[in-house]
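Asks: Structure provided below as structure tokens; questions to follow.
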Amino acid sequence: MSMAAATVEARRQAFAGVPFTRLLGVRREYSEGGRARLVVEARPEFENVIGAMHGGIVATLLDVAMASAAVSKVDFAMTAVTLSMNSTFVRPGHGRLTADGEVLSVDDAIALCQASVTDEAGELVARAIGSFRYLPHR
């Protein structure tokens, strides 16, 4: 593996080291070419009072799926931070949740993205649109 490829791979794997997503057990299925898919398994401590996955978990998945798609669009050369996110919750989500994010456009170092979360039954749980600013890695 070339030095450049090793650097890209290290940046690609940085997601797995984010303490918050690691705490939640978020697993990335892929993140490439401006698209990403993340999965989180249901746990009792993630449930709300009606036994569905808490909206905070759903919102986190929407946010991180869009950011992951954004950084994959630039081959992980930069990181991306959330500027805005507008989410709509459609129905309670039960069981494993899957988030799919994609970049819609990039303009002036800002990526416009969208994401959706589906539950274990394949039902739409939530959608979001968000804007993300590209920043250099620390």
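Asks: Please go through the range 67-137 and write out the trypsin sites (Lys or Arg not before Pro) that DSSP classes as loop and that have at most 15 other C-beta atoms within 10 Å.
Replies: When the trypsin sites (Lys or Arg not before Pro) of the range 67-137 are filtered for loop state and at most 15 Cβ neighbours within 10 Å, R96 remain.
Asks: Given the -39500 (n - 2.57) contribution per DSSP H run of 4+ residues, what per-residue ellipticity at 222 nm results for the chain, rounded to the nearest 500 deg cm²/dmol?
Replies: Computed ellipticity for the chain at 222 nm equals -8000 deg cm²/dmol.
Bear in mind these aren't lab numbers, they're just calculated from the coordinates by the rules spelled out. Keep in mind that what you see is a predicted model, and the values were worked out from it rather than measured. Every residue, glycine as well, gets a Cβ built from its backbone with ideal geometry; the counts of neighbours run over all protein chains shown.
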